[in-house]
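Input: a single structure, listed below in structure tokens.
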Amino acid sequence: MNKTHIEGAVWKFGDDVNTDVIHPPQFFSLDDEVVKSGLFNGLDSTLQPRLRPGDIFVAGRNFGVGSSRETSIRSLILNRVGAIVAISFARIFFRNAVNNGLRCFELIAADDFGRIDAGAPAVVDLDACALRQAGKTPVRLHPPNAFVNRIWEAGGLLETLA
Amino acid sequence: MPKTYCHKVIDRHLSGRADDGPYCDVAIDALLGHDATIGLLIDAFRTRDLKIWDSGKVLFANDHFSSPASIDRAEISNRFIDFARQEGVEHLMIDRGICHQVLVEHALCQPGSLILGADSHTIMAGGLGACATGMGSTDICYALATGRTWLRRPESIKVVFKGRLPTRCSGRDIALMLMSVFGEDGASYRCLEFHDETDNGLCQDDRFSVANMAVETGAKFGVFVPDAITRDYCRARDGADPAPFLRPDADAPYVQAVDVDLSRLSPLVAAPWSPANVAPLTDHHAIPVTRAFIGSCAGGRLRDLEDAANELRGEKIHANVRFTVIPASMAVYREALKSGIVESLLDSGAVFNAPSCGPCGGIDKGVLGRSDVCVSTSNRNFRGRMGHWESRTYLASARTVARAARLGVLDGAPAQVAGKETVNL
């Protein structure tokens, strides 16, 4: 990922995708290889092996509802998921993502969810705060506020510790 | 300016650093951690050469891997305990029970306090009027080193409980009813501010059950405005009165106000695979059950064990059902032993296990296989959580779980079953 663009294929998910589906409890571990392999394992065990660095997840409402376990974030980062775009995020998940520099963006218009094509390449333009796919008008994303941006610029919450 | 309860609590804890728009920096009164999530931050803590800001305000419990069921978990467990000892954590509770239950049994958990925990069900301390919330390891690492965190001031939803809780219902049914009202994101980022205006008052165990599941609506806090029941609990626990209580202003602004007449409540069940998939027990017919679980921070207190024992009255459970009971803490376990509840449940065929999380998060002590159908007092029935992807979990009260264990089916229709009259719902 360079500083202004995130590029990858789009993977689409529905509403209320919870943390036990994102990363099943049996993959909880301090071993990065185990954590990496567990991403969406119960839902589709072929998903994680097919991921490419920079891929973009697009989801409906309340993405990440459930547990505070940060292993779901670690797995997303280890798999080099470029960004997550959703209609809305569950609060603990959003905090965990922000704190670890995983870019999460909310759609300005919920209806735009239907316009984004799964499987097709996309670019998240960080300057314009938009998701672009070939042949479509850009989808607008809520810009992160100054507070969240400061954490991202620092590289994570712990990096802001003096 | 009139304020809600949680705004008063937050304003008392402002750290004096500059506000960042909607975010404020707050000092916390206590920090809760457990063996699984603290393990994830040890390296970060050590490589940055951090120190605990105030070890007297930290409570750690090894509830996920108590006792460890694999070599991997034994390593995580040992690492956690070593870290706690080396860093001087003052309240290290080893094999004493689930962290949330152990916290509310401890004087660190005070009404009006601001508490962070490395687990989403930290919110349960709200049952005692604490503004408590769960966060991930990175947030907890930061708070452990600084005694502070960043928070968005949440708006509040006022929930007023009125009437009288029917004897066949408990706090658990109230929690499930709230799930049917709010769904999985209806209180997202908000504070659920509970007012107990019921005729008889909800007992403290029921308040903890309600506060525990508030997180499943997306809420940041789920807090009971403290009252005489809160005071009695603190007095009995601490041998001293709590500090004077905060109260929300009469004209405080709420984004939503919900009045709930508990007199109309009936036993409820959340079907697979969402805690918000709630319907009355009477809507369920002849669903064969293979596992019954009473335990977890949501439903492993004395009130729950007692309800199960009263429902079963020593009668044997159905031959197809395996019944696991895990008291939420050693204190609960001892009370249940003294009062004969343990013996009664053993007579029915229950298997007891060490106070810990157990099967709730698919950890141990009764994980589910492909064909298992479980009725449980735990707080989440997300697909794959308690075991196999194809297993199914129904969330219900202890009384409903015990009833299903006896019948061998989850069934709410009053009918003759094997020549015995069923208990009237």
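The values are calculated or read from the model by the stated rules, or taken from the named source; none is laboratory data. Keep in mind it's a predicted model, so treat the numbers as computed, not measured. Every residue, glycine as well, gets a Cβ built from its backbone with ideal geometry; the counts of neighbours run over all protein chains shown. Side chains included, ligands, DNA and RNA excluded: accessible areas come from the protein's heavy atoms. Shrake-Rupley method; radii C 1.70, N 1.55, O 1.52, S 1.80 Å.
Listing for the model above:
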quantity	calculated
Residue list for segment B:205-227, filter: closer than 12 Å to B:P111 by Cβ and either in a helix (DSSP H, G or I) or touching a Lys or Arg at 6+ places or on another chain (Cβ under 7 Å) (or both)	B:R207, B:F224, B:V225
First in segment A:23-52 and closer than 17 Å to B:G384 by Cα, second anywhere and of a type in the set (S, T, Y) and in a helix (DSSP H, G or I), Cβ under 6 Å, 6 or more apart	A:H23/A:T71; A:H23/A:S72; A:H23/A:S75; A:F28/A:T71; A:V35/A:T71; A:V35/A:S75; A:G38/A:S75; A:L39/A:S75
Hits in segment B:351-390 (condition: buried (at least 24 other Cβ atoms within 10 Å of the Cβ) and over 30 Å from A:V17 (Cβ atoms))	B:P355
Some residue of segment B:239-246 being open to solvent by 50 Å² or more (accessible area, probe 1.4 Å), among the charged types (D, E, K, R) and out of contact with any strand residue (DSSP E or B) (no Cβ under 7 Å at 6 or more places or on another chain)	yes
Selection within segment B:189-204 - in a loop (DSSP other than H, G, I, E, B) and modelled with pLDDT of 95 or more	B:R190, B:E197, B:T198, B:D199, B:N200, B:G201, B:L202, B:C203
Tabulated pairs, segment B:132-155, first facing another protein chain (nearest Cβ under 8 Å) and under 17 Å from A:T160 (Cα atoms), second part of a strand (DSSP E or B) and open to solvent by 10 Å² or more (accessible area, probe 1.4 Å), C-beta under 9 angstrom, 6+ apart or interchain	B:D139/B:W150; B:Y142/B:R148; B:Y142/B:W150; B:T146/B:A27; B:W150/B:D20; B:W150/B:Y23; B:W150/B:D25
Top-ranked residue in segment B:197-217 [being within 18 Å of the chain's Cα centre (by Cα) and open to solvent by 10 Å² or more (accessible area, probe 1.4 Å); ranked as nearest to B:L302 (Cα to Cα)]	B:D205
Selection from segment B:290-305 of residues that are open to solvent by 30 Å² or more (accessible area, probe 1.4 Å) and over 12 Å from B:S397 (Cβ atoms)	B:T290, B:R291, B:L302
Pairs with Cβ under 6 Å, 6+ apart, first in segment B:160-183 and over 13 Å from B:L262 (Cβ atoms) and open to solvent by 10 Å² or more (accessible area, probe 1.4 Å), second modelled with pLDDT of 95 or more and in a loop (DSSP other than H, G, I, E, B)	B:G183/B:A276
Qualifying positions in segment B:114-131 - in contact with a Leu (Cβ under 9 Å, 6 or more places away or on another chain) and within 19 Å of B:L41 (Cβ to Cβ)	B:I115, B:L116, B:G117, B:A118, B:D119, B:T122
Residues satisfying the stated conditions in segment B:228-260, i.e. closer than 14 Å to B:R190 by Cβ and not in a loop (DSSP other than H, G, I, E, B)	B:Q256, B:A257, B:V258
Count of residues meeting criterion [within 13 Å of another protein chain (Cβ to nearest Cβ), touching a residue at least 40 places away in the same chain (Cβ under 8 Å) and more than 25 Å from B:L151 (Cα to Cα)] in segment B:52-79	6
Residue within segment A:89-105 that is more than 13 Å from every other protein chain (Cβ to nearest Cβ), open to solvent by 10 Å² or more (accessible area, probe 1.4 Å), within 20 Å of B:P22 (Cα to Cα) and in a strand (DSSP E or B) present	yes
Complete set of residues in segment B:82-92 that are open to solvent by less than 80 Å² (accessible area, probe 1.4 Å), of a type outside the set (F, W, Y) and touching a residue at least 24 places away in the same chain (Cβ under 8 Å)	B:A84, B:E87, B:G88, B:V89, B:H91, B:L92
Test: B:T146 is open to solvent by 20 Å² or more (accessible area, probe 1.4 Å), among the polar types (S, T, N, Q), closer than 23 Å to B:G56 by Cβ and out of contact with any Cys (no Cβ under 6 Å at 6 or more places or on another chain)	yes
Among residues of segment A:126-137, those that are in contact (Cβ under 8 Å) with a residue 60 or more places away in the chain and surrounded by 15 or more Cβ atoms within 10 Å (Cβ to Cβ), counted	3
Residues located in segment A:29-60, provided they are outside any loop (DSSP other than H, G, I, E, B) and away from every other protein chain (no Cβ under 13 Å)	A:K36, A:S37, A:L47, A:Q48, A:P49, A:R50, A:I56, A:F57, A:V58
Qualifying residue in segment A:115-135 (condition: within 14 Å of chain B (Cβ to nearest Cβ) and under 28 Å from B:A187 (Cα atoms))	no
Residue in segment B:227-250 that is among the aliphatic types (A, V, I, L, M) and under 23 Å from B:G412 (Cβ atoms) present	no
Qualifying positions in segment A:62-80 - more than 7 Å from every other protein chain (Cβ to nearest Cβ), open to solvent by 10 Å² or more (accessible area, probe 1.4 Å) and either closer than 12 Å to B:T138 by Cβ or not in a helix (DSSP H, G or I) (or both)	A:R74, A:I77, A:N79, A:R80
Qualifying residues in segment A:138-151 (those that are within 14 Å of another protein chain (Cβ to nearest Cβ) and crowded, with 17+ Cβ neighbours inside 10 Å) - the one nearest to A:H5 (Cα to Cα)	A:P144
Only one of B:A331, B:A405 that is within 22 Å of the chain's Cα centre (by Cα) and of a type outside the set (D, E, K, R)	B:A331
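Listed here are the residues, each with its yes/no results for (1) within 14 Å of chain A (Cβ to nearest Cβ); (2) surrounded by fewer than 22 Cβ atoms within 10 Å (Cβ to Cβ); (3) touching a Pro at 6+ places or on another chain (Cβ under 9 Å); (4) part of a loop (DSSP other than H, G, I, E, B).
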| site | (1), (2), (3), (4) |
| --- | --- |
| B:I10 | no, yes, yes, no |
| B:G16 | no, yes, no, yes |
| B:D25 | yes, yes, no, no |
| B:I38 | yes, no, no, no |
| B:R46 | yes, yes, no, no |
| B:L50 | yes, yes, no, yes |
